[in-house]
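Structure record follows, encoded as structure tokens.
The values are calculated or read from the model by the stated rules, or taken from the named source; none is laboratory data. Keep in mind that this is a model prediction, so the values were computed, not measured. Counting neighbours? That spans all protein chains shown, and the Cβs are built from the backbone with ideal geometry, glycine included.
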Amino acid sequence: MKAIILKTFGPAENLTYIEKEVPIAGSEEVLIRTRSISINPIDVKIRAGQRPAFKDKLPLILGWDIAGDVVSAGKNVKEFKAGDRVFGMICFPNPGNAYAEFTVAPAKDLAIIPVNIGYAEAACSGIAALTALQALRNFAPVQPHQRVLVHAAAGGVGHFAIQLAKYFDAYVIGTASASNNNFVLNLGADECIDYKATIFEDAAKDIDLVIDTIGGNYIQRSLKTMKPGATIVSIPSILNAEVTQLAEADGKHGYPLLVKQNTEDLNFIADLLSKGILKPFISHVFSFDEMVAAHLQIESGKTQGKIVVSF
């Protein structure tokens, strides 16, 4: 099979195509023929050497978001069989080996793709959708009519967070560039703040929950928008406790979030996909031979929704 290996951290051109043997599924795993994968910012950060936990894992095959067909299932796997269409975030945060024509995945990391959903849409609905869901539910579960502020609302996590927060009946404010205003409002946001033209902490007030996908000074700025005792969940802050310390000093609650595989959460996402409540937006589709271009697109920081690599 064809796969893409990373031997040395660095630029996208360090991704190298190789031929290797098709892996064999263990007793708790399934072998998947890959149909689509989604590329996430974490792929790029690890490739560039920005995640110390991976410094001793080279050479490695990147990728976690996958959709494909079950080829075979391990002897202890009861929920999947050959021919099933499955998707999920596999093996995270350990190497997922998704940049390959075939891969093995723990059965617990997968869900059945709804019949009305294609491989590309399913592949998009792993890391980003699970991150958004867990940010909204795992710390201070959002309640109807609460005010939720979502940063980078047009991005991968952001565009799912907008839809999920509206599903939970919140009042949702997104920050995005002016060019993404209509996109964010069409996702269901009640307001969209142009962060380039407007100081968002002056425009957003009485916020109950902030979903922060940017980090840095956005944490302190977001705290100014929040009610006393409100919560901010920060995805970029997983490497340190800054969000917790800053929030506590201001009489609020702050949590870093590293997404975790949760079968119940993944099946919840699958159910919303099947009902058309959650709709992944795919702005770019690349072929497997265009992986470098896919990484460069993510690095641009201007991706609307998600990007997909299809086989």
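So, in region 1-36, how many residues would count as being touching a Pro at 6+ places or on another chain (Cβ under 6 Å), within 27 Å of residue 50 (Cα to Cα) and part of a strand (DSSP E or B)?
The qualifying residues number 1.
How many of the residues in region 274-298 are of a type in the set (Val, Ile, Thr) and free of Cβ contacts under 8 Å to residues at least 40 places away in the same chain?
Count: 0.
Looking only at residues in region 14-39 that are closer than 30 Å to residue 156 by Cα and of a type in the set (A, V, I, L, M, F, W, C), which one is farthest from the chain's Cα centre (by Cα)?
Once the filter is applied, the top-ranked residue is 18.
Has region 51-63 got any residue that is at positive phi, modelled with pLDDT of 95 or more and buried (at least 24 other Cβ atoms within 10 Å of the Cβ)?
There is at least one residue in region 51-63 that is at positive phi, modelled with pLDDT of 95 or more and buried (at least 24 other Cβ atoms within 10 Å of the Cβ).
Could you list, in sequence order, all residues of region 169-221 that are hydroxyl-bearing (Ser, Thr, Tyr) and either surrounded by fewer than 15 Cβ atoms within 10 Å (Cβ to Cβ) or farther than 19 Å from residue 144 by Cα (or both)?
175, 177, 179, 195, 198, 213, 218
Of all strands (runs of 3 or more DSSP E) completely enclosed by region 201-273, which ones contain at least 3 residues that are under 20 Å from residue 173 (Cβ atoms) and touching a Lys or Arg at 6+ places or on another chain (Cβ under 9 Å)?
Working: elements: 207-212, 226-234, 253-256.
The strands (runs of 3 or more DSSP E) meeting that bar are 207-212, 226-234.
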